[in-house]
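The values are calculated or read from the model by the stated rules, or taken from the named source; none is laboratory data. Everything numeric here is computed off the predicted structure, so don't read it as measured data. Positions of Cβ are backbone-derived with ideal geometry, glycine not excepted, and every protein chain shown enters the neighbour counts.
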Amino acid sequence: KSECNSILFISYSRYYLYSVTPALTVNAGYAETRNPTSQTNYYSSSSKVDGKTDADTLFLGAKYQVTPALASTLAYYRGKYSNEATSQEGVLKSYVLFNQYNLSKRTNLYAEVDYTKADGNLATGVSANNFGATVGVRHTF
C-alpha cells in the first residue's frame with residue numbers, strides 16, 4: 001500500500017507474472033485508487049477537481065515470443081470509476097494487441113491496436129466505443 005502525500009490519494013495494487021513456457025508469459029493484476037479529499041488536482045483518467053473519485057482496475061495479459069525478434073502481447077483492462085461530485089460512474093473495458101519487432105538491441109518497430117468501450121454515464125460527451133491504432137520506431141540511447 002502506498003500513500004502519496006496522504007491527503008491526495010491512496011493507492012493499492014497487486015501484479016502477478018507467470019511463465020507458462022519460455023516463449024509465453026501471462027500476467028494479471030489489480031489496482032485500487034481512493035481519492036478521499038474534496039480539493040485535489042492530480043492527473044489520472046478518473047480524477048475530477050473538487051470531487052471524491054475512486055478507481056478500481058483489473059488487468060489480464062499474455063505475451064508470446066513468436067521469434068527471437070518478434071513478440072506479441074494481448075491485454076484486457078477493466079476499470080470501474082466513480083465520482084461523488086459529478087455523479088459520474090461507469091466501467092471502461094479496453095482490449096489491446098501490441099506487436100514489437102526488434103531490429104537491433106536498441107531499435108524496434110511496434111504496432112498497436114486497441115478498442116475501448118465506456119459503460120454507464122462515463123460515455124456522455126464522448127463516444128461510447130473508441131478504436132485506436134499506433135505504429136512507430138523506437139530507439140533507446
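Some notes on this structure:
- Ala23 meets each of the listed conditions (1) at pLDDT 90 or above; (2) farther than 30 Å from Arg138 by Cα apart from (2).
- Filtered residue count, region 9-32, keeping only those that are among the charged types (D, E, K, R) and surrounded by 12 or more Cβ atoms within 10 Å (Cβ to Cβ): 1
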